[in-house]
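A short write-up of the structure that comes next.
The values are calculated or read from the model by the stated rules, or taken from the named source; none is laboratory data. Predicted model only: the values in this text are computed from it and were never measured. Cβ coordinates were reconstructed from backbone atoms using ideal geometry, including for glycine residues, and neighbour counts include every protein chain displayed.
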Amino acid sequence: MKVSCLQDNLAKGLSIVGRAVSPRSTLPVLGNVLIATDTGRLKLSATNLEVGINCWIGAKVEEEGAITVPARTFIDLVNAFPPDRVAMELVARTQTLNLQAGRSQANIKGIDAQEFPLVPVPEDGNGIRIDAETLRRAIEQVAFAAATDESRPILTGVLAKFDGASLTLAAADGFRLSVRTVQLTHAVPDPFSIIIPARALIELGRISGEQDDPISVTVTPSRNQVLFELTDVVLVSQLIDGNFPDFRQIIPTERATHTVVDTGAFLKAAKTANIFARDSAHIARLHVVPGTDLQPGHMVVSATSAETGDDVSELDAAVEGNEIEIAFNVRYLIDVLSVIDTPQAALDTTTPSSPGVIRPAGDGNYTHVIMPMHLGR
């Protein structure tokens, strides 16, 4: 292999695939990045066997070939190179990659590319196309609610339900539920559902930051992998096998109190409450009071710590229904309010021991359910 490319392009490509490198593995090759020539371009690949990423960058190819090299060493070296052309030549006999950029030169010992697991690419071009910004926003609003511990693997994933011209994403960790529905550019012929690891979707959101063209989604015939095709990048993820809980049963259908508040003010009050709530099981109290002829409605957000003190923030609110005092984990409030992009947020509640529902005011495509915390007296 003999190839050269711009240092900037190589560093950018490595930043995309680098997050898929396995940090700890019994297989040394999983700690490596595959570098291979591919139809006049340079292909970079990395995988941890759950998520794999392929990235193609422009290059001048003089001799075809492939090698895998230790990811951390290669990434650090390329980032340290001057912004110049990087020339790479493989010494096949010793499986050593020689690199040269400006007046810098280095040799990296690699592992034969034949030992690297195959990271597939879409073949037929018949994937489901989704607007990149729409999908990125949906991931941001849903994936954070997935469980992070592996005790219930199904909850570490995000349900993706394709039905007609809509895609519904749902994630839950037992304490909260996030559901977002988006429109597809074309309807799918047959409805289906898959469960994608939340980590894979978060990674997709990260690498699609500059993507303008629609993202193409393909599920393999064996239904054990999903492929996301971007411009010059393909992300592949294993799917989680099993049945996702029926999230529709978790969403309350009735409400006793409907409260609309300024999203930014609510978020700021929650962050202030967290200063004290973090010392007391992250409990924040919300006291919602309907308006009268003499006084408008309001919401009071408060938190108390026996060690450090307390705080109270009062917010103007449009309140329909009953007065209520309910407590939530303030971190969960901060998480959801941070991804609501409308000026106002709506909170629906029934009783202090029933789940609360937060939605962007005027947007029925996003629903977030939070379980309440016990209020000790």
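Scanning segment 304-326 for residues that are touching a residue at least 60 places away in the same chain (Cβ under 8 Å), in a strand (DSSP E or B) and not acidic (Asp, Glu), which turns out nearest to Thr292 (Cα to Cα)? Please lay out each step first, then the result.
Let us first name the residues in segment 304-326 that are touching a residue at least 60 places away in the same chain (Cβ under 8 Å), namely 319-324.
Now narrow it down to the ones that are in a strand (DSSP E or B): 319-321, 324.
Restricting the remaining residues to those that are not acidic (Asp, Glu) gives 319, 321, 324.
Working: Val319: 10, Gly321: 12, Ile324: 15 Å.
By that ranking, first place goes to Val319.
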Of the residues that sit in segment 109-130 and are buried (at least 18 other Cβ atoms within 10 Å of the Cβ) and either in a loop (DSSP other than H, G, I, E, B) or free of Cβ contacts under 8 Å to residues at least 40 places away in the same chain (or both), which one is nearest to the chain's Cα centre (by Cα)?
-> Val119
Residues located in segment 261-316, provided they are farther than 16 Å from Phe328 by Cα and either among the aliphatic types (A, V, I, L, M) or within 31 Å of the chain's Cα centre (by Cα) (or both) = Val261, Asp262, Thr263, Gly264, Ala265, Val289, Leu294, Ala306, Leu315
Taking the residues in segment 201-239 that are in a loop (DSSP other than H, G, I, E, B) and of a type in the set (S, T, N, Q) as candidates, determine which candidate is surrounded by the fewest Cβ atoms within 10 Å (Cβ to Cβ).
-> Ser222
In segment 138-170, which residues are aliphatic (A, V, I, L, M), surrounded by 19 or more Cβ atoms within 10 Å (Cβ to Cβ) and touching a Phe, Trp or Tyr at 6+ places or on another chain (Cβ under 8 Å)?
-> Leu159, Ala170
Out of all the residues in segment 6-27, is one or more surrounded by 15 or more Cβ atoms within 10 Å (Cβ to Cβ) and assigned to a strand (DSSP E or B)?
-> yes
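Residue-by-condition table, conditions (1) under 17 Å from Ala345 (Cα atoms); (2) touching a Cys at 6+ places or on another chain (Cβ under 7 Å); (3) aromatic (Phe, Trp, Tyr):
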| site | (1), (2), (3) |
| --- | --- |
| Gln249 | no, no, no |
| His258 | yes, no, no |
| Phe266 | yes, no, yes |
| Asn274 | no, no, no |
| Asp279 | no, no, no |
Name the one entry in Gly52, Gly40 that is within 15 Å of Asp232 (Cα to Cα), surrounded by fewer than 17 Cβ atoms within 10 Å (Cβ to Cβ) and not assigned by TED's automatic domain parsing to the domain that holds Glu210.
-> Gly40
